[in-house]
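Working notes, beginning with the structure itself.
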Amino acid sequence: MIASGQQALKKSSTSRDTLQYNAAAVTVVATRQPEYNLEVPLATTVLPREQFELNRNYGLDEALSLVPGALVQSRTGNHDVRVLIRGFGARGAGERSNAGTSRGVRFYIDGFPETEPDGRTAFDQIDLGATQAVEVLRSNASALWGNAAGGVVNLSTVPALGSRYVIAEIGTGSFGFLRSALRLASPLGDASIAYLNLTNTSFDGWREHSRSSNFQFTAGAVAQLAERSRLGIFAVGASNTFRIPGPLTEAEFQSNPQKAQDNPAIYNPTYVARDERRSNRLGRIGVRLEQGLGPGELMMQVFAQPKFLQRSERNTFRDFTRYHIGGSATYSLPIEISEDLRNYLLVGMDEQYQDGAILFYRYNLATGGRGPLQTNKREGAENTGVFVQDEIVYGPWSLLVGLRQDWLTYYYADFLNPRLSDRRTFAQLSPKIGLTYRLTDLASVYLNFGRGVEIPAGNETDPPSVFGEDTVRVINSLLQPIRSDTYEAGFKQILWLGGGIVRALSYDLAVYYIRTWNDLIPYRGGRFYLSAGRTDRIGGELGFRIDFEQGVSLLGAATLLQTRLTEYVIDSVYTQASYNPALDGKKADLSGNKMPGVPSFFTTLRLQYTPAWLERLRLEVEMRHVGSYYADDRNTFSVPAYTVFDVGVRYEQPISETLSLIGEVRGMNLGNARYVASIWINPDVTSAGAAYIEPGLPRNFFARVLVQQRW
């Protein structure tokens, strides 16, 4: 979805040389149409492949470390991650998140949604080795993208037009990590290309009971049918199995962080005894047509995605058979009123529908699988959205106004207990307005206001589990859509400094205030959720790149974020592991506490060196620091800050004019820091303590060899 410089030039007064220098700043994620980054009144980051290729490429934490405002934490060292953008997605951790899903942030592969209609995202099909670029929209984007768009991440797998290559890869690393891949691409003619990626990864894991395996494929073809007509066909799929070690208490983390959760005082039977795991098989095929229509352009796309999912989870064995279908259509119309005055109109709609059967069996410890059938139900979700956006450009000024209406409906049908069947529809209107002023061709300042919406995800709608499992209502009637208002200001600049020690500097700075109503807070490991009356977030972000002479570059991202549960008063009965009559009628006022799961500061610095005398060699040193934060809304369990260091080396040796051999080595957490990589929000407190800690990997290494044939 990265547009070419020539496309963006139609909407920019910036010179062609500038676009060639900073082509990665051209993105369509922000406004769903090609536009130069300096004209977009939103915070955007584009990561070309070279910024994340020198990694294991197993989890999104390896790709997004240089995105300010984004914190991605790997839970066990595989691609099961917790993703936060400006605090959105913080609650995506807990017992009910062992399916590896994220909340509050939307993810796309080549413009097709990985995020389900209810706002959940699983990362099974994301293959960073096949990814050519990652685009991140950090500003709230519900006015264009709808539900759960606290941030938007799009991964592009389409190679550059004209590419022709065969790449074979084999990599190995600590704790039984093994990865092999085959990547092919070939032109189909002028402005057309076909490609295929096959990747197989296995990982024994550092912790007990954390083995994982994942086979992925990515394929596509883009063909230029006529001068103003382009057709794309895209396919992705995955088959994987992940075992879950579970969280540890503070005492367990200090004594033996490598162990799995096996304390029967906390879970009975334990994670190991019930072989807690998930196995997923899924795929998607999508078709996109871009067609010139009059003075504008029509884009239409449709997709279909079958899913076969299995879980061993909370003493049950679960079978999910689902289908996810949908599509979108947009029409963009540019109007040049005069030399200084232009208008760009965009209208469109999105449709997503997911449904299917769910079977829950009592977990059979003897066989490790199905026991007696407990639940037989259907669980469906549909999200429909329509939007309009208009942008007026007058000289250096640009005014953007947008509006979107979303409807999301849940369908529940219980075939064993039909009286539990239920249906509920949430609706929300999301406006957006932004103003940009181009100070120069290479600098701009912007302001924006946007309203965001996030519907409680499917497994977040369960009624409060206080007096035992609720058997009256399937959907929690206490929950409402999460609504947020974001006020943001930012400054972006590219500086050509020519000679001297510093040759070039580019940076973007953003400050924002977010007020959120009905923010969801998980309880009892995510068995049920309650709504906070109001939360506030104030933040600042800086992303930069400095290119020095002699092939040295410094890249960095820094985030300051202060959060507050401004209004949060709940019936104290909900905060107890079991009901206590002495608390009847009393309230727990947690107003003024910090939001759980959100650090107040985190940063990444990366130093890269490509010597002028050996341009085939690249060295990089990276430092990542995450500040302290709380694991619960009572602010009782503090998670300490940590700092880790990585070092990577990449060398390419030509064998012939078209054949080359590439070697890569990376050492991670070289200081061997013991740190909390991720946490469970609001854990249960038992006689054995509170289990909420997921330890990070100790010092580990990775090496890869690639044979690359390019024509």
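Derivation of every value follows stated rules applied to the coordinates shown; laboratory data play no part. The model shown is predicted, which means the values in this text are computed figures rather than measured ones. All Cβ positions, glycine included, derive from the backbone under ideal geometry; neighbour counts span all protein chains shown.
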Projecting the Cα atoms of ALA122, PHE320, LEU293 onto the charge dipole of the chain, where Lys and Arg contribute +1 and Asp and Glu -1 at Cβ, the residue farthest towards the positive end is PHE320
Put in order of increasing Cβ neighbours within 10 Å, starting from the fewest, TRP517, TRP145 give TRP517, TRP145
Between LEU196 and LEU365, Cβ-based FRET efficiency (R0 56 Å, step 0.05) works out to 0.85
When the charge dipole of the chain is computed with +1 at the Cβ of Lys and Arg and -1 at the Cβ of Asp and Glu, the Cα pointing farthest to the positive end, of ALA70, SER553, LEU497, is that of ALA70
For the range 166-221, shape from the Cα gyration tensor axes a ≥ b ≥ c, cut at a/c of 1.5 then a/b versus b/c, turns out prolate
Classified through the alpha carbon gyration tensor (a ≥ b ≥ c as square roots of its eigenvalues; rounded if a/c is under 1.5, else prolate when a/b is larger than b/c, else oblate), the range 104-210 comes out oblate
HN-Hα couplings for the range 397-414 via Karplus (6.51, -1.76, 1.60; θ = phi - 60°), in whole Hz with x for Gly/Pro, come out as 9, 9, 10, 10, 10, x, 8, 9, 10, 10, 10, 10, 10, 9, 10, 10, 10, 9
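Provide HIS625, HIS79 in ascending order of the number of other Cβ atoms located within 10 Å of each residue's Cβ, fewest first.
Numbers: HIS625 16, HIS79 28.
In order of increasing Cβ crowding within 10 Å: HIS625, HIS79.
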The distance between the Cα centres of the range 529-550 and the range 305-351, in whole Å, is 26
The FRET efficiency for LEU659 and ASP589, from their Cβ-Cβ distance with R0 = 51 Å and rounded to 0.05, is 0.15
Sequence order, the range 682-697: Karplus ³J(HN,Hα) from phi using 6.51 cos²θ - 1.76 cosθ + 1.60, θ = phi - 60°, Hz rounded, Gly and Pro as x, gives 6, x, 5, 10, 10, 4, 8, x, 10, 9, 9, 9, 10, x, x, 5
Least to most buried among ILE455, ILE570, by other C-beta atoms within 10 Å and fewest first, runs ILE570, ILE455
Rounded to one decimal in nm, the spacing of the 7 Å Cα→Cβ label points at LEU182 and ARG419 is 5.9
About its Cα centre, the range 251-389 carries a charge dipole, from +1 on Lys and Arg Cβ atoms and -1 on Asp and Glu Cβ atoms, whose size in debye to the nearest 20 is 1140
Taking 0.36 nm per residue of separation between ARG699 and LEU435 and subtracting their Cα-Cα distance, the length gained on full extension comes to 90.4 nm
Between the modelled labels at PHE175 and ALA489 (7 Å from Cα along Cα→Cβ) the distance in nm is 4.4
Of the residues TYR630, ALA191, PHE601, the Cα lying farthest along the dipole of the chain towards its positive end, which is defined by charges on the beta carbon of Lys, Arg, Asp and Glu, belongs to TYR630
Restricted to pairs 8 or more residues apart or on different chains, the lysines in the chain with C-alpha atoms under 30 Å apart form a number of pairs equal to 8
So LEU161 and ALA329, fully extended at 0.36 nm per residue minus their Cα-Cα distance, gain in nm 58.0 nm
Once both label points are put 7 Å beyond Cα along the C-beta direction, the ARG281-TYR411 separation in nm becomes 2.5
Once amide hydrogens are built 1.01 Å from N within the peptide plane, the residues lying 5 or more places from ARG616 or on another chain with amide H under 5 Å from its amide H are none
Expressed in angstrom and rounded, the centroid-to-centroid distance over alpha carbons for the range 388-428 and the range 641-664 is 44
Treating only Lys and Arg (+1) and Asp and Glu (-1) as charged, each at its beta carbon, one finds that the chain has a dipole about its Cα centre, in Debye to the nearest 20, of 1060
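Please work out the FRET efficiency for the pair TRP397 and LEU554, using the Cβ-Cβ distance as r and a Förster radius of 45 Å; give the result to the nearest 0.05.
0.85
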Length gained if TYR609 through THR375 is fully extended, taking 0.36 nm per residue and subtracting the Cα-Cα distance, is 78.5 nm
Karplus-derived 3J(HN,Hα) from phi for the range 658-672 (6.51 cos²θ - 1.76 cosθ + 1.60, θ = phi - 60°), whole Hz, x at Gly and Pro, runs 10, 10, 9, 10, 10, x, 9, 9, 9, x, 10, 6, 5, x, 6
